[in-house]
Amino acid sequence: MTPVRKTARANEDTEPEPDLARLWERVMTPEIEEFQPIEEFRPIEAFRLEPDCIWVQWAGGAESRFHHIWLRDNCPQGLHPVTWERIQDVMDLDPDLCPASVKLTDAGGLTVSWTDVYTSHYGADWLHRRRYDATARAERRLRPSLWGAAIADTLPEAQFAEIATDDAALLAWLRQVRNFGFALVRQMPDDERAGEQVAERISFLRQTNFGTGFDVISKPNPNNIAYTAIELKAHTDLPNREMPPGIQFLHCLDFQATGGDSLLVDGFHAAETLRAEDADAFAILASTAIPFRFHDREWDIRWSGPPIELDADGHVRGIRYHMALTAPLDVPADRVVPVYRALRAFTQILRRPAMELRIRLRPGDMLAFDNRRSLHGRAAFDPNSGSRRLHGCYVDIDEFMSRIRVLEGENLLH
Ligand SMILES: [Fe+2]
């Protein structure tokens with residue numbers, strides 16, 4: 001399966017700096033179809049046996065290599081037949097094991113007979129989906145669609161009635177949330193359970209110290225500035241936890257107040273912008289654990305983590321950022337000033353108008369966003385001018401991504 005991607009398209013809120021122009025060249029087009037993998041059967045036409053690997057040549061001419069130890073370890077017949085879990089133990093692998101013979105099957109796959117008298121069968125599609133050359137690994141990677149303020153003209157959204165009942169519509173909407181880091185739902189019922197109903201179309205809800213479902217309203221004696229009427233600058237929720245919540249749902253049930261527009265910022269876009277403009281600041285924020293803390297009369301929850309989380313290949317994987325929950329910096333003394341400089345550089349980017357999506361939710365709208373990517377906030381509002389009530393809940397990333405894969409049928413492919 002090969003992801004099909006269309007040509008990059010410039011976005012209208014492109015920053016003027018040359019580095020950003022280069023960055024935008026990598027921005028994907030917003031159509032979700034670009035992420036739809038297509039079945040592309042590639043039979044093997046030839047192979048070449050080498051001392052530590054087998055090179056295969058696919059129809060069309062491309063080549064991939066598979067190491068003997070990898071092939072034997074991942075033999076498709078090596079899974080438990082009922083649980084589908086691996087039963088091969090790495091210590092049982094002979095690092096010097098070689099094929100005694102290799103045959104091309106009529107279907108374009110490989111049959112490998114090993115020197116220990118074990119035979120493995122590899123379908124062409126099975127192998128093709130798992131090739132690990134640099135090009136294939138890059139193609140398989142899900143690339144987020146980076147966005148800025150201009151996405152206000154083409155908001156990713158769906159209707160409640162569609163996603164509540166139709167799995168195909170649900171999948172299309174979930175892919176929007178995955179690719180853009182947010183999407184809206186319109187025409188929600190006037191029912192505080194409706195947001196949780198959508199979330200439960202994905203999976204069970206995440207419970208935190210704020211409850212399973214929570215009301216975002218201005219109230220007396222708040223334990224969280226979200227429960228006031230003051231401005232909330234762009235942040236991710238609960239960075240003070242080892243595992244901050246994944247997808248956040250905010251269902252607008254009532255909104256008569258003046259002010260209070262919602263704010264979203266693509267943290268991945270901001271991080272890539274920082275990487276392009278100020279590599280030193282990016283490196284500091286990707287490698288320095290910033291302490292975060294929430295405490296009230298019942299809880300004292302703390303965690304330290306880098307504001308920009310990278311995966312093993314250096315791609316931005318998560319954002320952890322909330323000024324209101326940032327605890328006193330606790331880093332080696334010679335890093336204090338550079339860390340503050342880096343935090344200010346990142347924050348300056350996060351607050352550029354070209355980065356900010358500002359939308360006014362109306363009763364019946366729901367905003368869902370990836371809390372590990374999209375920072376959210378709101379303008380101050382006047383609680384004396386009318387009511388404002390959002391009802392929120394969370395579902396974690398594992399369950400969210402699993403739901404997409406199950407709807408796509410990926411879970412049935414071994
Ligand atoms: Fe929040």
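The values are calculated or read from the model by the stated rules, or taken from the named source; none is laboratory data. It should be emphasised that the depicted structure is a prediction, and the values quoted were computed from it without experimental measurement. Virtual Cβ from ideal backbone geometry, glycine too; neighbours counted across all protein chains shown.
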Of the residues in segment 238-259, those that are within 14 Å of the ligand (Cβ to nearest atom) and farther than 18 Å from MET188 by Cβ come to LEU238, PRO239, ASN240, ARG241, PRO244, PRO245, GLY246
By residue number, the members of segment 72-128 that are assigned to a loop (DSSP other than H, G, I, E, B), within 34 Å of the chain's Cα centre (by Cα) and charged (D, E, K, R) are GLU85, ASP89
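For segment 308-400, please list each of the strands (runs of 3 or more DSSP E) lying entirely inside it that holds at least 3 residues being within 16 Å of the ligand (Cβ to nearest atom). Show your work before the answer.
Details: elements: 308-310, 316-319, 356-359, 366-370, 374-378, 388-395.
Once the strands (runs of 3 or more DSSP E) in segment 308-400 are filtered for at least 3 residues that are within 16 Å of the ligand (Cβ to nearest atom), what remains is 356-359, 366-370, 374-378, 388-395.
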Residue pairs qualifying under the 6 Å Cβ cut-off, at least six apart or on distinct chains, with the first in segment 149-173 being of a type in the set (Phe, Trp, Tyr) and the second being in a strand (DSSP E or B), are PHE160/VAL185; TRP173/ALA158; TRP173/ALA183
Exercise. Going by the conditions given, is VAL216 aliphatic (A, V, I, L, M), more than 16 Å from the ligand (Cβ to nearest atom) and either within 28 Å of HIS269 (Cα to Cα) or assigned by TED's automatic domain parsing to the domain that holds GLY364 (or both)?
Worked result: no
Filter segment 284-306 for residues that are free of Cβ contacts under 8 Å to residues at least 60 places away in the same chain and within 16 Å of the ligand (Cβ to nearest atom); the one that is surrounded by the most Cβ atoms within 10 Å (Cβ to Cβ) is PHE292
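Suppose we keep only residues that are touching a residue at least 24 places away in the same chain (Cβ under 8 Å) and more than 8 Å from the ligand (Cβ to nearest atom) within segment 225-237. Which one would you say is surrounded by the most Cβ atoms within 10 Å (Cβ to Cβ)? Step through it out loud before you land on a result.
Initially, segment 225-237 is screened for residues touching a residue at least 24 places away in the same chain (Cβ under 8 Å), giving 225, 229-237.
Within this subset, residues satisfying the condition of being more than 8 Å from the ligand (Cβ to nearest atom) are 225, 229-231, 233-234.
On the way: ILE225: 14, ALA229: 21, ILE230: 13, GLU231: 14, LYS233: 19, ALA234: 23.
The residue in question is ALA234.
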Log entry, pairs with first residue in segment 323-345 being of a type in the set (Val, Ile, Thr), second being in a helix (DSSP H, G or I), beta carbons closer than 7 Å, six or more apart or on different chains, reads VAL331/VAL339; VAL339/ILE284
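Going residue by residue through segment 130-150, is there one that turns out to be part of a helix (DSSP H, G or I), buried (at least 18 other Cβ atoms within 10 Å of the Cβ) and not assigned by TED's automatic domain parsing to the domain that holds PHE180?
Checking segment 130-150: not a single residue is part of a helix (DSSP H, G or I), buried (at least 18 other Cβ atoms within 10 Å of the Cβ) and not assigned by TED's automatic domain parsing to the domain that holds PHE180.
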Within segment 127-158, of all residues that are modelled with pLDDT under 95 and small (Gly, Ala, Ser), the one farthest from HIS251 (Cα to Cα) is ALA134
Here the residues within segment 44-69 that are buried (at least 16 other Cβ atoms within 10 Å of the Cβ) and under 17 Å from LEU93 (Cβ atoms) are CYS53, ILE54, PHE66, HIS68, ILE69
Within segment 241-249, is even one residue among the hydrophobic types (A, V, I, L, M, F, W, C) and surrounded by fewer than 14 Cβ atoms within 10 Å (Cβ to Cβ)? yes
### Task
Report yes if some residue within segment 367-381 is out of contact with any Pro (no Cβ under 9 Å at 6 or more places or on another chain) and surrounded by fewer than 13 Cβ atoms within 10 Å (Cβ to Cβ); otherwise report no.
no
Counting only residues that are crowded, with 18+ Cβ neighbours inside 10 Å and under 23 Å from the mean Cα position of the chain (by Cα), segment 198-224 contains a total of 7
